Amino acid sequence: MGETNLINDRIDEVAARFRTQGAAVEHAPYGNGHINDTFLVVCETQEGKRRRYILQRMNHSIFKMPQRLMENVVNVTEYLREIIAKRGGNPDRETLNVVRTGDGSNYYLDGEGNYWRMFLFVEQTVCLEKVESAKDFYDSAVAFGGFQKMLSDYPAKTLHETIPNFHNTPSRFSDFRRAVQEDRMGRAAQAKEEIAFALAREADTRVLTDMLKAGELPLRVTHNDTKLNNILFDADTKKAICIIDLDTVMPGLSHYDFGDSIRFGASTGAEDEKDLDKIEMDLSLFEAFTKGYLEGCGGSLTEKEIEMLPMGAKLMTYECGIRFLADFLEGDTYFKIHRDGHNLDRARTQFKLVKDMEDKWADMAAIVEKYKNMY
Ligand code: ADP
Ligand code: GN1
Ligand code: MG
């Protein structure tokens, strides 16, 4: 918290490095991301014209090569701009727009080794922290499916892997098991049940990666962090218009995008809800998302891929759970926390959802079957 205030004091100075319209007159921490430090910056010209920007200090300990990450973001957004323009959309609103520094770079490295970047603030949008209606969730699914479709011809080999093995669940499992064995903070005793729950599901971790290796599932260009607050909805039409947080756009499985959205959006409670009685995987939301995602992908998924979507939901939820739990055991060094035990609370909701999905497995499969051949 203290550090955020320290950074907050330097925002005007950092913003001045970028080609903004006018100088920064207001700024404040913004959003609820777990990774980067995000600020809303208001700039004003001498004539009094105002424009808003998002300024982010990139998480340099998580993203080891910010230059390469920004190369991905610039290349992907330029590619998307062309497609959006061709279909008659508005590229300034329907994808992120990187603001360059005075010397034309797409990031600014300050004297203390912090990497900063700036985006145009997408005006007249709302960012949802929770699904408010099945319709919003369905719209987000069409947008995430459409995002993947737009990138289906993107030269995947030119993308840098910004976090190696990001959704490699067996590799996440090994990291988790190591965190349990080391128990660096002496916290494992507080999470006995959760640890046992996770260890008991080791066999599941390999299902999708084995199918990928065997050529049964295709590698695609995916977003990999498709939670609901990584999409902006038009404030008037309520349509999902802009997919943000492109830090992890990398080759991946469609299941990663489908699954991560379900994990966050189909839950009846917040990711960090303490009262687990409030946490369930809502089947009607699962259905809305499945329908929207398949529609957005527009017939591009294989039959096998579609059949395995429920496994994507379960594994992404499980994987996020073991990541939260490992971070709790290792002293909360990865995800931002706002209270003691925050990562343990987060892990608990994820495991509750995994259990609920196991109980609802047949229903999930039936829903996927229902929409399988519709698009
Ligand atoms: P993190 O990686 O920490 O999740 P994000 O890039 O997702 O960071 O940004 C955090 C939040 O900031 C988003 O959830 C959204 O509310 C807001 N945000 C980010 N970029 C923009 C933008 N260009 N326009 C409007 N809001 C944005
Ligand atoms: C992080 O950056 P953000 O807050 O959108 C994380 C995701 C997790 C998510 C859990 C780069 O997403 O992988 O699923 O938190 N992003 C990174 O809420 O690790
Ligand atoms: Mg985010």
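The values are calculated or read from the model by the stated rules, or taken from the named source; none is laboratory data. None of the values given here were measured: they were computed from a predicted structure. Every residue, glycine among them, receives a Cβ derived from its backbone with ideal geometry; neighbour counts consider all protein chains shown.
I'm checking my understanding of the structure. Among residues of region 132-174 that are outside any helix (DSSP H, G or I) and buried (at least 22 other Cβ atoms within 10 Å of the Cβ), which one is farthest from ligand 1 (Cβ to nearest atom)? Of everything passing the filter in region 132-174, His167 is farthest from ligand 1 (Cβ to nearest atom). Hey, among Glu44, Glu71, Glu112, which residue is at pLDDT below 95, over 30 Å from Glu271 (Cα atoms) and not β-branched (Val, Ile, Thr)? Only one candidate qualifies: Glu112.
The rows are residues; the columns are (1) of a type in the set (A, V, I, L, M, F, W, C); (2) touching a Gly at 6+ places or on another chain (Cβ under 6 Å); (3) without any contact (Cβ under 8 Å) to a residue 24 or more places away in the chain.
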position: Pro164; (1), (2), (3): no, no, yes
position: Gln181; (1), (2), (3): no, no, yes
position: Ala189; (1), (2), (3): yes, no, yes
position: Leu208; (1), (2), (3): yes, no, no
position: His223; (1), (2), (3): no, no, no
position: Thr226; (1), (2), (3): no, no, no
position: Ala235; (1), (2), (3): yes, no, no
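Residues that are in contact with a Leu (Cβ under 9 Å, 6 or more places away or on another chain) and among the aromatic types (Phe, Trp, Tyr) number at least 2 in the following helices (runs of 4 or more DSSP H) confined to region 244-309: 254-265. Ile244 meets each of the listed conditions (1) buried (at least 21 other Cβ atoms within 10 Å of the Cβ); (2) farther than 21 Å from Met364 by Cα apart from (1). Being more than 16 Å from ligand 2 (Cβ to nearest atom), of a type in the set (D, E, K, R), more than 23 Å from Phe147 (Cβ to Cβ) and out of contact with any His (no Cβ under 8 Å at 6 or more places or on another chain) holds for only one residue in Glu94, Glu82, Glu78, Glu13, and it is Glu13.
Yes/no per residue for (1) touching a Pro at 6+ places or on another chain (Cβ under 9 Å); (2) over 26 Å from Gln67 (Cβ atoms):
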| position | (1), (2) |
| --- | --- |
| Ser133 | no, yes |
| Tyr154 | no, no |
| Phe166 | no, no |
| Glu182 | no, yes |
| Glu194 | no, yes |
| Thr205 | yes, yes |
| Asp225 | no, no |
